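Read through the structure below, which is laid out as structure tokens, and then see the notes.
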Amino acid sequence: MPEDGAPEDPIAAFRARARAFLEAHARPRRAGDDDFARFRFLGDPSPEGDAAHVRACKEWQRTLFDAGWAGIAWPEQYGGRGGTPAEARAFAQEQARFDVETGAFAVGIGMVGPTLIVHGTEAQKRRYLPGLLRGEEVWCQLFSEPGAGSDLAGLRTRAVRDGDEWVVNGQKVWSSGAHHSELGILLARTDPDAPKHQGITYFVLDMASPGIEVRPLRQINGVAHFNEVFLTDVRVPHENVVGEVNGGWAVAQTTLGAERALIGGGGAVTFRDLTRLARDQGRDGDPLLRQRLADAFIRFEILKYLGRRAQAARRDGRSAGAEASVLKLAMSQHVAMNGDLALALEGARGMLLHGDAPYGGFWQQSFMNQWGVRIGGGTEQVQRNVIGERVLGLPPEPRPDKTAPFRELVEG
Ligand SMILES: Cc1cc2nc3c(=O)[nH]c(=O)nc-3n(C[C@H](O)[C@H](O)[C@H](O)COP(=O)(O)OP(=O)(O)OC[C@H]3O[C@@H](n4cnc5c(N)ncnc54)[C@H](O)[C@@H]3O)c2cc1C
């Protein structure tokens, strides 16, 4: 109990223990050109940089696991800590102050784990969850296709049952990290005669299976973060089906909800980073830039509370549905405005790139990275549709394709 006799806040005590662990095992982040972790994540376009990033993520994850700090809110029988969502969030906030790399596990720990905990068989949980928490296996998400992004239920990759296996043919795109992933989560159409949302199955895919070809795509910032993935007669064991055959849409909703919360939950940039930039560039006395900094502070605060609202929904077992869309949209606008502000603070030097630019081009990379945040996990327009329908009660978009058999829909 604290000296004043007030009962001890359990989250504050948890935070203090987490901080002590982090201080003993990691270097605190410093907002500046010596902050290599964030620069590597955002900006090193070389294969060596990518490999070093994955290695650093695996090592840090193993450190967390060995010390009992992995999977804070995951069940203990699968290697987790058995804590609460509030503890998980507190740990993530504390960890964000340290120079550690975690990005390679965004899909696996951020999205696959929560999905398998809800929908996986006991055998799937035992096979995949501990390995994830030990940092042994990196996962990718094989959902989007050239003709199925916002309209994900329009996907055309086919899986046909053949005894104890499924045979998969099709193409995925924008598959983040597929080039360095051991495993993937895959959506494929298994009943083209059913309406489009009802004929989809969710699979775990071993990325070393014969018939998988991964081709990296290079982005505006020079980084090959995502890929095209071609699947030709890929055989997947039936035991890798997650949830029901043809019931994959419901499973995917858990993954997509976790993804929206993940993207809305935090960016690489903090308010302290922006004020440090303003001071370093000698722009902290400029009255117009000061107003924009004040606006940025307000946005950071709003996002904090939107994040808590989504967290409370998860804690209470409610779907974060429309709240996650509000959070994702707010985050999208936030990264766009922070990108503009950072380059305005750099003035003419904002036009430089990489080593010529201040901080090795960190802020230019951050600016260009905004479109990834704004499009990935559902575009701003699509989030607005969700908010319009579910929050404002506006009439839904006409969806004549919702009930017809998928086979009868016109392609494109
Ligand atoms: C950085 C990044 C990482 C990604 N990682 C992955 C990944 O790992 N795995 C994966 O499966 N996918 C991934 N994606 C894909 C992502 O989910 C899709 O890009 C996204 O869903 C949008 O789909 P699309 O690109 O096909 O655009 P489209 O759906 O073709 O949309 C094109 C434009 O039309 C607008 N639009 C579409 N439908 C509507 C509508 N009904 N109302 C109003 N406007 C509409 C959109 O807002 C957009 O502006 C990633 C994307 C990015 C940017």
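The values are calculated or read from the model by the stated rules, or taken from the named source; none is laboratory data. On a predicted model such as this, the values are computed, not experimentally measured, just so you know. Please note: Cβ atoms are built from the backbone with ideal geometry, for glycine as well, and neighbour counts cover all protein chains shown. Ligands, DNA and RNA are stripped out before the accessible areas are found, and what is left, the full protein with its side chains, is counted by its heavy atoms. Shrake-Rupley method; radii C 1.70, N 1.55, O 1.52, S 1.80 Å.
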Quick one: in segment 348-381, of everything that is polar (S, T, N, Q) and within 16 Å of the ligand (Cβ to nearest atom), which residue is surrounded by the fewest Cβ atoms within 10 Å (Cβ to Cβ)?
381
Strands (runs of 3 or more DSSP E) wholly inside segment 134-190 containing at least 1 residues that are surrounded by fewer than 24 Cβ atoms within 10 Å (Cβ to Cβ)
158-162, 165-173, 183-189
Total residues in segment 133-181, condition hydrophobic (A, V, I, L, M, F, W, C), within 16 Å of the ligand (Cβ to nearest atom) and either closer than 30 Å to residue 73 by Cβ or free of Cβ contacts under 8 Å to residues at least 60 places away in the same chain (or both):
12
What number of residues in segment 1-38 are closer than 30 Å to residue 179 by Cβ, at pLDDT below 85 and open to solvent by 60 Å² or more (accessible area, probe 1.4 Å)?
2
Would you call residue 272 out of contact with any Phe, Trp or Tyr (no Cβ under 9 Å at 6 or more places or on another chain), of a type outside the set (A, V, I, L, M, F, W, C), in a loop (DSSP other than H, G, I, E, B) and in contact (Cβ under 8 Å) with a residue 12 or more places away in the chain?
no
Of the residues that make up segment 243-253, is at least one farther than 15 Å from residue 185 by Cβ and surrounded by 14 or more Cβ atoms within 10 Å (Cβ to Cβ)?
yes
For segment 204-216, state whether one or more residues are open to solvent by less than 10 Å² (accessible area, probe 1.4 Å) and either modelled with pLDDT of 95 or more or within 19 Å of the chain's Cα centre (by Cα) (or both).
yes
Every residue in segment 387-408 that is modelled with pLDDT under 85 and of a type in the set (A, V, I, L, M, F, W, C), please.
none
Subset of segment 69-121 that is under 17 Å from residue 317 (Cβ atoms) and among the aliphatic types (A, V, I, L, M) - its residue that is farthest from the ligand (Cβ to nearest atom):
86
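Take the conditions within 16 Å of the ligand (Cβ to nearest atom), modelled with pLDDT under 95 and farther than 26 Å from residue 404 by Cβ and apply them to residue 230. Does it pass?
no
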List pairs: first residue in segment 56-72 and crowded, with 18+ Cβ neighbours inside 10 Å, second residue in a helix (DSSP H, G or I) and of a type in the set (S, T, N, Q) anywhere in the structure, Cβ distance under 8 angstrom, at least six positions apart or on different chains.
70/61
Tell me, yes or no, whether segment 219-226 has at least one residue that is closer than 30 Å to residue 163 by Cβ, touching a Phe, Trp or Tyr at 6+ places or on another chain (Cβ under 9 Å) and crowded, with 16+ Cβ neighbours inside 10 Å.
no
